[in-house]
Amino acid sequence: MTMETAAEKADSGQQATARIVAVQDDLVTIESIETVAGSGDYRPLSKNEVVFVLPGRLTADGRQEWLKAEVLRIHGRRADAQVYESTRGVGIGDPVLQTGELLSAELGPGLLGMVYDGLQNPLEQLAANYGTFLPRGVDIRGLDQARRWSFKPLIKEGEKVRASDIAGVVAEGRFEHKIMVPFDWPGEWQLDWILEGSFSVADPVARLTPLSAEGVADPHRSRNLTLSQRWPIRLPISRRLMALGEAERLYPSQPLSTTIRLVDTFFPLAKGGTGCIPGPFGAGKTVLQGLISRYSDVDIVIVVACGERAGEVVETIQEFPGMTDPKTGGSLMDRTIILCNTSSMPVAAREASIYMGITLAEYYQSMGYDVLLIADSTSRWAQAMRETSGRLEEIPGEEAFPAYLDSSIRNIYERAGVIRRTDGVEGTFTMVGTVSPAGGNFEEPVTQSTLGTVKTFLGLSADRAYRRFYPAVDPLISWSRYLKQLQPWFDTHLSPGWTRRVEVLSELLVRGDEVSRMMQVTGEEGVTLDDFIVQQKALLLDMVYLQQDAFDDVDVSVPMDRQQRLFELMEAVATHQPQMDADSDSQRKAAVRTFYTRLTGLFKNLNYAVDGSGEYNRLLETITDLLGAPV
């Protein structure tokens, strides 16, 4: 069954089955009314059911507003529902129409390149129809119903299929979009006929008849297959695939290449893994997530702006279409979906947007693609839950967040992963959430619950951002559990013992920081020459390996093989012991500082040099000679 738009419901003459009895901000209490006056029959209310509230007063242009809402809690014939838009003008007694469906995403070709709100309303079409200032109570289909797609069948008449089996393919840009038997069709089905050609997402392309347990067809229950289907956003698609026996969940076994040295080497992400980027305002979260989404080794990117400031969201919408896709040379939007809900929009829509994005990611994952979802920011998503929980008068937890905050955060991150279909095709869904703790306090509940769930923590530092370090990830507080988990991959594809070698340089950073703190108290004179050399080595490692120039065409994206070569040079520096002719301690330290300052400049220039160029080879030779000569 396909959920109709509000306009389609109005045209079909569906009758209200409930009414408003109370309004509190975006929370309304509804009550079932008799289906027929005096009959005593009431249509039951269901948790998470989508309903439409119809304000009694029409708009200035005579339009009836249809406000979408979702049932949260039921008390007999009454229920509390959160409305996804402003409830201004909604009054006691206003009619409510039940859909009998859960909040769902429309899945099919045409999703890539789209900019949606949190309920999958296409913003470009809304703006074209109603202008820049979007009206309330408008509901538009998520997929273009008029656009036609070239469908190629992969099954033949008489074949038996089950839910999620692939019936055919459609070319969506450079991707092969697999048309699957809807995930919620139970049992086994027999193909009566299938067509090849050009169709819209609503056109029937095949007809399937259900089979009984004995294999007998029931033509009275036959259904048409179209290029699109709907799926409830709060139910994982991967769980459905596993329940059908169509897929199995695998352990992430290979890293996600972001081409950012600090991430790939020291704090790796896994394909199908989870990570978080917490940090205070101005620490560079938006820039970091933008480069991760652009240069990561994934097929499809989904950006969910679930509560960011309107200016940042507008910047994202404007910048992505103009970005060049390093994989194809075309527009980055060709493989991107953006969902926008700013902090000024109703909290209910903000809370739903992240589930909508996850469902779209799982859909492409089920086809066998590598998908990356960036959620910005989960703090404001959690704040939306806090506001809704407060209006429901639930018992609050720490800092007034709902008591189920921890389980809700685990629920969204645990939907990421790796699945392998029975045909051997693997798909990955990697989720990275940014967290915006007030004042950069990583001890607050959202950050702590997130850290207990994800396996990579890239903690941004206001101090490093102030010093113009990019990325401003603090290597002393960040961590990744994938460094150990992916050790077999690193040993095979990079070099044996890679994980231990990374740990050695991480220890150098820690020791260097300890010496720097000591020098702030005692000065250079208060530390030994060996400790001073350790501090200079750690500083060089920080300056030339942990930092990258996001504005340089070469240094902005560093492939893993180039990272490996630079890492080996860093190891040579770490093990190198400079030989000095100076007599006094101060002279020796001055010579050490001059040596590492010169070395830092050479490494910086090496980062900007193109692989294999004359400049690159000259700098490499100079660095090698310098390490072999006395200071």
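The values are calculated or read from the model by the stated rules, or taken from the named source; none is laboratory data. From a predicted model like this one, the values you see are computed outputs, not experimental measurements. With ideal geometry, Cβ positions are generated from the backbone for all residues, glycine too; neighbour counts draw on all protein chains shown. Side chains are part of the model used for accessible areas, which takes the heavy atoms of the whole protein and leaves out ligands, DNA and RNA. Shrake-Rupley method; radii C 1.70, N 1.55, O 1.52, S 1.80 Å.
Ranked from highest to lowest mean number of other Cβ atoms within 10 Å per residue, what is the order of the peptides 47-57, 254-264?
Values: 47-57: 18.6, 254-264: 23.1.
Final packing ranking: 254-264, 47-57.
If the chain between residue 42 and residue 553 were fully stretched, how many nm would it gain, using 0.36 nm times the residue separation less the Cα-Cα distance?
Using 0.36 nm per residue and subtracting the Cα-Cα distance, I get 177.4 nm.
From the helices alone, meaning DSSP H stretches of at least four residues, give me the mean residue ellipticity at 222 nm for the chain, per-run term -39500 (n - 2.57), in deg cm²/dmol to the nearest 500. List each step's numbers first, then the result.
Values: 17 runs with 205 residues, N = 631.
Computed ellipticity for the chain at 222 nm equals -10000 deg cm²/dmol.
Mind giving me the nanometre distance, one decimal, between the label points for residue 618 and residue 34, set 7 Å out from Cα along Cα→Cβ?
For the pair residue 618/residue 34, the computed spacing is 9.4 nm.
In square angstrom, what is the accessible area per residue of the stretch 444-587 with a 1.4 angstrom probe?
Values: 6760 Å² over 144 residues.
Ligands and nucleic acids excluded, the figure is 47 Å² per residue.
As an exercise, identify the chymotrypsin sites (Phe, Trp or Tyr not before Pro) in the stretch 359-395 lying in DSSP coil whose Cβ has no more than 10 other Cβ atoms within 10 Å.
Working: sites: 363, 364, 369, 381; in loops: 369.
Those that pass, being in a loop and sparsely packed, number zero.
Which far-off residues, 5 or more places away or on another chain, put their amide H under 5 Å from the one on residue 472, with H placed in the peptide plane?
HN-HN under 5 Å from residue 472: empty list.
Let me cross-check residue 504: its accessible surface, 1.4 Å probe, with only protein heavy atoms counted, in Å² to the nearest 10?
70 Å²
Where only protein heavy atoms count, and the probe is 1.4 Å, what is the accessible area per residue for the stretch 280-424 in Å²? Working shown, then result.
Values: 4750 Å² over 145 residues.
Result: 33 Å² per residue.
For every other residue with a beta carbon closer than 15 angstrom to the beta carbon of residue 175, add +1 if it is Lys or Arg and -1 if Asp or Glu, then tell me the sum. Before the final figure, lay out the partial values.
Values: positive: 152, 174, 178, 327, 335; negative: 172, 176, 299, 325, 334, 370.
So the environment of residue 175 carries a net charge of -1.
Mind jotting down the distance between the C-alpha centroids of the stretch 62-118 and the stretch 159-197, whole Å?
What the calculation gives is 30 Å, centre to centre.
With both bridge residues required to lie in the stretch 250-380, what share of the DSSP beta bridges run antiparallel, to the nearest 5%? Write down the numbers at each step before the final one.
Details: 3 of 15 bridges.
Of all bridge pairs located within the stretch 250-380, approximately 20 percent are antiparallel.
Report the full-extension gain for the segment residue 519 to residue 287: residue separation times 0.36 nm, less the Cα-Cα distance, to one decimal in nm.
Working: separation 232, 0.36 × 232 = 83.52 nm, distance 3.29 nm.
Once the chain is fully extended between residue 519 and residue 287, it gains 80.2 nm.
Over the stretch 351-431, what is the percentage of antiparallel beta bridges among all DSSP beta bridges, to the nearest 5? Let's see the in-between values first.
Details: 5 of 9 bridges.
Here the share of antiparallel DSSP bridges comes out near 55 percent.
Normalised by the residues of the chain, what does the relative contact order come to in percent, with Cα pairs under 8 Å and at least six apart? Spell out each step's value before the answer.
On the way: 1268 pairs, mean separation 71.8, N = 631.
Relative contact order here is 11 percent.
Which translational diffusion coefficient, to the nearest whole µm²/s, is obtained for the stretch 133-172 from the Stokes-Einstein equation, given a Kirkwood hydrodynamic radius over C-alpha pairs, 25 °C and 0.890 mPa s?
Details: Rh = 13.8 Å.
After rounding, the answer is 178 µm²/s.
With Cβ to Cβ distances under 12 Å as the rule, what net charge do the other residues near residue 388 carry (K, R +1; D, E -1)? Before the final figure, lay out each step's value.
Details: positive: 73, 350, 386, 391; negative: 25, 26, 70, 80, 351, 387, 393, 394.
Its environment carries a net charge of -4.
Out of the total accessible area of the stretch 19-160 (probe 1.4 Å, heavy atoms of protein only), what percent is carbon and sulfur? Before the final figure, lay out each step's value.
Numbers: 3340 of 6720 Å².
Answer for the stretch 19-160 is 50 percent, counting heavy atoms of protein chains only.
Accessible area, 1.4 Å probe, largest first: how do 493, 220 sort? If you can, show how the numbers build up before the last one.
On the way: 493 110, 220 175 Å².
Greatest to least solvent exposure: 220, 493.
If a/c stays under 1.5 just call it rounded; otherwise compare a/b with b/c (prolate if a/b is bigger, oblate if not). Do that for the stretch 154-236, with a ≥ b ≥ c from the square roots of the Cα gyration tensor eigenvalues. Display every interim value, and only then the final one.
Numbers: a/c = 1.99, a/b = 1.36, b/c = 1.47.
Verdict is oblate for the stretch 154-236.
Under a Cβ-Cβ cut-off of 13 Å, what is the net charge of the residues other than residue 502 that fall near it, where Lys and Arg count +1 and Asp and Glu count -1? Kindly include the intermediate steps, with their values, before the conclusion.
Numbers: positive: 261, 484, 500, 501; negative: 264, 491, 503, 507, 568, 571.
Neighbourhood net charge equals -2.
Using a 1.4 Å probe and counting only protein heavy atoms, arrange 351, 394 so the residue with the most accessible area comes first.
Values: 351 20, 394 60 Å².
The residues order as 394, 351, largest area first.
Provide the FRET efficiency to the nearest 0.05 for the residue 243-residue 157 pair, computing r from the beta carbons and using R0 = 35 Å. Numbers along the way, then the final one.
Details: r = 28 Å, r/R0 = 0.80.
Approximately 0.80, to the nearest 0.05.
If you take every DSSP beta bridge whose two residues both sit in the chain, what share of them, in percent to the nearest 5, is antiparallel? Walk me through the numbers before you get to the answer.
Numbers: 73 of 101 bridges.
Around 70 percent of the beta bridges assigned by DSSP in the chain are antiparallel ones.
Compute the FRET efficiency between residue 561 and residue 174 as 1/(1 + (r/R0)^6), taking r as their Cβ-Cβ distance and R0 = 30 Å, and round to the nearest 0.05. Mind showing how you got there, number by number?
Working: r = 25 Å, r/R0 = 0.83.
That pair, residue 561 with residue 174, gives E of 0.75.
Is any residue of the stretch 98-120 close enough, with backbone N under 17 Å, to a label point placed 7 angstrom from the Cα of residue 64 along the Cα-Cβ axis, and if so, which?
Answer for this model: 98-100.
Give the distance, in whole Å, between the Cα centre of the stretch 456-500 and the Cα centre of the stretch 32-61.
54 Å
Can you give me the three principal axis dimensions of the chain from its C-alpha atoms, in Å, biggest first?
Largest first, the chain extends 105, 55, 44 Å along its Cα principal axes.
Between the DSSP loop rule and a limit of at most 10 other Cβ atoms within 10 Å, which chymotrypsin sites (Phe, Trp or Tyr not before Pro) in the stretch 549-605 are left? List each step's numbers first, then the result.
Values: sites: 551, 567, 595, 596, 603; in loops: 551.
Here the chymotrypsin sites (Phe, Trp or Tyr not before Pro) that fit, given the DSSP loop and packing criteria, are 551.
At 7 Å along Cα-to-Cβ for each site, give me the label-to-label distance between residue 217 and residue 400 in nm.
6.2 nm
Per 0.36 nm of contour for each residue apart, how much would the distance between residue 74 and residue 202 grow if the chain were fully extended, relative to their Cα-Cα spacing?
Working: separation 128, 0.36 × 128 = 46.08 nm, distance 3.44 nm.
That works out to 42.6 nm of additional length.
I'd like to check one number: the per residue accessible area of the stretch 135-245, probe 1.4 Å, reported in Å² as a whole number.
Working: 5200 Å² over 111 residues.
Value returned for the stretch 135-245: 47 Å² of accessible area per residue.
What FRET efficiency comes out for residue 507 versus residue 576 if R0 is 22 angstrom and r is the Cβ-Cβ distance? Round to the nearest 0.05.
0.85
How far apart, in nanometres, would the label points at residue 468 and residue 627 be if each is projected 7 angstrom from Cα along the Cα-to-Cβ direction?
Going by the 7 Å Cα→Cβ label model, 2.9 nm.
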